[in-house]
């Protein structure tokens, strides 16, 4: 490895598998610093509902790209890409190891892979959103099928359909032409954490209930006063959207908890699918009672690239 930058370590996988804790363990073992790749942990004050690691549990390991946005801001993959790469370069220049951690798949790939990100145009997006509201999503989906059938087969929710049409209008190119190849921009080792589905479901259920006991409703109320509802990204976050509905009298707390559990489990399933499609990920099986064993397994995978 002489003369070459130390590989980035990326710890990925579904929510609730213990990525944050393992990242701290790995960083301590490799003289590393952590770079956040969880899009919701960018937001100041969104702590309980995003399972953001408390300061004491970071054990002195520097954490980058946490708490960099207000809840009224909209997260940008392009902005994150530049920030993450600059941060990784800075960590490497100081002779330390970058440990990227998070479950936001596109943000992980933006940091690690050769990925061209087209720009945005708020006016085009606003017009398309108005069209979707007036005429329904299916009309936009039909238009996307005509100009980019590949993307039409891959994107399903309104936000992504609108984004694909926006990119086509802006660039004249199909949105699918921007889909990245699986090529790292610098040497990288990805470790994925996984658990059997029943065990993960149980853990996620317990975690949501713990968040409520820790004060999730109160956190949402504080952020609501700070403009949470004006934040397109933050206000739709799992848990936050449900407890805003509680505040509005639209859901009972029990229904909000149940909806949050269900949404979290669905999100974990999507994460498994996303990261499972990447053949470069080395998968580690998580035993909730054996954290030292998980670190040992991670370091075994990293042994060829340890300094």
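What follows is calculated from the coordinates using simple rules that are stated; it is not laboratory data. The structure presented is a predicted model; accordingly, all values stated were derived computationally and were not measured. No Cβ is skipped: glycine too gets one built from the backbone with ideal geometry, and neighbour counts run over all protein chains shown.
Residue by residue, here is whether (1) surrounded by 15 or more Cβ atoms within 10 Å (Cβ to Cβ); (2) under 18 Å from residue 102 (Cα atoms); (3) touching a strand residue (DSSP E or B) at 6+ places or on another chain (Cβ under 9 Å) holds:
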residue	(1), (2), (3)
237	yes, yes, yes
243	yes, no, no
248	no, no, no
259	yes, no, no
264	yes, yes, no
270	no, yes, no
275	yes, yes, yes
282	no, yes, yes
287	no, no, no
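For the range 22-75, which residues satisfy the criterion of being out of contact with any helix residue (DSSP H, G or I) (no Cβ under 8 Å at 6 or more places or on another chain), surrounded by fewer than 21 Cβ atoms within 10 Å (Cβ to Cβ) and in a helix (DSSP H, G or I)?
If the condition is that a residue be out of contact with any helix residue (DSSP H, G or I) (no Cβ under 8 Å at 6 or more places or on another chain), surrounded by fewer than 21 Cβ atoms within 10 Å (Cβ to Cβ) and in a helix (DSSP H, G or I), then 28, 55, 56 are the ones that fit.
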